[in-house]
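Have a look at the structure below, then the notes.
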Amino acid sequence: MASINELPENVLLELFSLIPARELLRHCRPVCSLWRDLIDLVSLWKRKCQREGFISENWDQPVADWKVFYFLCSLRRNLLRNPCAEEGLEFWRIDQNGGDNWKVEETPGAHGRDFPDPRVKKYFVTSYHTCLKSQMIDLKAEGYWNELMDVVRPDIVVKDWFAARYDCACRYQICVQLLSANFLVLDTFEPPPMEIKQWSDCEWREVSHTFSNYPRGVRHIRFQHGGKDTQYWAGWYGSRVTNSSITIGPEVPRKSSCTEEAARCSH
């Protein structure tokens, strides 16, 4: 055999499926027209998705672009750092620190309940004046290139969990903004503040929102949440928050946000 190109196409495809995706596009695709055509085949990117566990062998859902689908699956993770207070208030910007300030407590906490996912062990808790904290996500720094966000515009999924103490009323609020490169607001999720009355069930509640078909030009995401107790008791009787997440793209088998974050921090 004089050249690797004399191998059958299915063998070449199998070899390409073993090469990291970015190396395929940067270094292999420009080699020759044969490699370019093979690397552009739908079957190659579907095979890579199967090999890396993003889809099962009997996957039957329609996919518009398997190459884009692969990259979205490989990039998908919780973009918020320290979502479950395992590192105290690290990575969070404190926007308002009212009353006795933000605090981290362990579940279930006084007059509270365990979190539905037993892997979540801690939460952030607010005080008797408004407490707000936020994170700013730079999408390009996280691997989401401009053309992807402008042309494909994959779904951006926001989730947060909040709860109250059984013995105190509280207010919870959240605001998530999609921002341009110059930090102009292009889209916003900001539901009315949610109030939980005293002697409620103190269950953990999930709030979620999906940004779809948003304007072109999204380059940053700003996530802010918090609240306060509405009876003005000294200490930490306000809304409790944890397990916040921002993910982009299709659902694929992944660990929970807190488990994922622990893995990131261990490296």
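Go over the candidates Y232, Y166 one by one and state the one that is open to solvent by 10 Å² or more (accessible area, probe 1.4 Å), under 26 Å from D114 (Cβ atoms), part of a loop (DSSP other than H, G, I, E, B) and hydroxyl-bearing (S, T, Y). Outline the logic, then answer.
On the way: Y232 fails: under 26 Å from D114 (Cβ atoms).
Answer to the check: Y166.
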Mind listing whichever residues of the stretch 88-112 are open to solvent by 70 Å² or more (accessible area, probe 1.4 Å), in contact with a strand residue (DSSP E or B) (Cβ under 9 Å, 6 or more places away or on another chain) and assigned to a loop (DSSP other than H, G, I, E, B)? F91
R205 being farther than 22 Å from T107 by Cα and open to solvent by 10 Å² or more (accessible area, probe 1.4 Å): no
Kindly evaluate Y144 against the criterion of being in contact with a helix residue (DSSP H, G or I) (Cβ under 8 Å, 6 or more places away or on another chain) and either hydroxyl-bearing (S, T, Y) or in a strand (DSSP E or B) (or both). yes
Those residues of the stretch 187-202 that are under 19 Å from the mean Cα position of the chain (by Cα) and crowded, with 17+ Cβ neighbours inside 10 Å come to a total of 1
Test L13 against the stated conditions and say whether it is open to solvent by less than 40 Å² (accessible area, probe 1.4 Å), over 26 Å from the mean Cα position of the chain (by Cα) and either at negative phi or hydroxyl-bearing (S, T, Y) (or both). yes
Suppose we keep only residues that are assigned to a loop (DSSP other than H, G, I, E, B) and charged (D, E, K, R) within the stretch 118-134. Which one would you say is nearest to the chain's Cα centre (by Cα)? R119
Scanning for something in contact (Cβ under 8 Å) with a residue 60 or more places away in the chain, open to solvent by 10 Å² or more (accessible area, probe 1.4 Å) and among the β-branched types (V, I, T), does the stretch 57-74 turn up at least one residue? yes
Take F115 and tell me if it is more than 30 Å from Y166 (Cα to Cα), of a type in the set (F, W, Y), within 22 Å of the chain's Cα centre (by Cα) and surrounded by 19 or more Cβ atoms within 10 Å (Cβ to Cβ). no
Hey, among the residues in the stretch 147-163 that are in a strand (DSSP E or B) and farther than 21 Å from G112 by Cα, which one's most open to solvent (accessible area, probe 1.4 Å)? V157
Of the residues in the stretch 22-45, those that are hydrophobic (A, V, I, L, M, F, W, C), closer than 19 Å to F69 by Cβ and surrounded by fewer than 18 Cβ atoms within 10 Å (Cβ to Cβ) come to L25, L41, V42
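The values are calculated or read from the model by the stated rules, or taken from the named source; none is laboratory data. Computed from a predicted model, the values in this text were never measured in an experiment. Cβ atoms come from the backbone with ideal geometry, glycine included; neighbour counts cover every protein chain shown. The area values use the complete protein model at the heavy-atom level, side chains included, leaving out ligands, DNA and RNA. Shrake-Rupley method; radii C 1.70, N 1.55, O 1.52, S 1.80 Å.
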